[in-house]
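Before any comments, here is the structure.
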Amino acid sequence: MITPEKSAVLELFAEGRRFYKLMEFVKARDAFARAVALDPEDGPAKLYLDRCTYYIDNPPPEDWDGVFTMTTK
């Protein structure tokens, strides 16, 4: 059974992914940040939070396909 807290994290993650795909990285970052605040161990939310922060400072091209390309190892 999923706890109410985990359900809220999953809803916030889904909201963040919707905004992420629309390239609305500030809104996506905020959703992922709220998810991480509820569950600091949520790896996927933390990963997307970092990616949104990166894309806010380094926007992808307009024809971006949603794939994150690592530039460092």
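The values are calculated or read from the model by the stated rules, or taken from the named source; none is laboratory data. What you see is a predicted model, and the numbers here were worked out from it, not measured in a lab. All Cβ positions, glycine included, derive from the backbone under ideal geometry; neighbour counts span all protein chains shown.
Annotation note: Cβ proximity below 7 Å between a residue of the stretch 42-68 that is farther than 15 Å from LYS27 by Cα and without any contact (Cβ under 8 Å) to a residue 60 or more places away in the chain and a residue that is outside any loop (DSSP other than H, G, I, E, B) and not hydrophobic (A, V, I, L, M, F, W, C) (sequence gap 6+ or interchain) occurs for GLY66/LYS21; PHE68/ARG51.
Considering the stretch 1-53, the residues that are surrounded by fewer than 17 Cβ atoms within 10 Å (Cβ to Cβ) and among the hydroxyl-bearing types (Ser, Thr, Tyr) include one that is farthest from VAL67 (Cα to Cα), namely THR3.
Within the stretch 1-34, the set of residues being in contact with a Gly (Cβ under 7 Å, 6 or more places away or on another chain) and either among the aliphatic types (A, V, I, L, M) or assigned to a loop (DSSP other than H, G, I, E, B) (or both) comprises ALA28, ALA31. Hey, could you check the stretch 15-34 for residues that are hydrophobic (A, V, I, L, M, F, W, C) and under 9 Å from the mean Cα position of the chain (by Cα) and say which is nearest to PRO59 (Cα to Cα)? So, considering only residues that are hydrophobic (A, V, I, L, M, F, W, C) and under 9 Å from the mean Cα position of the chain (by Cα), the one nearest to PRO59 (Cα to Cα) is PHE25.
Scanning the stretch 36-51 for residues that are in a helix (DSSP H, G or I) and farther than 27 Å from PRO61 by Cβ returns VAL36, ALA37, LEU38, GLY43. Scanning the stretch 35-73 for residues that are among the hydroxyl-bearing types (Ser, Thr, Tyr) and more than 12 Å from the chain's Cα centre (by Cα), we see that the one that is nearest to VAL9 (Cα to Cα) is THR69.
Please work out which residue is nearest to ILE2 (Cα to Cα), limiting yourself to the stretch 15-70 and to residues that are modelled with pLDDT of 95 or more and of a type in the set (Gly, Ala, Ser). Ranking the candidates gives ALA35 first.
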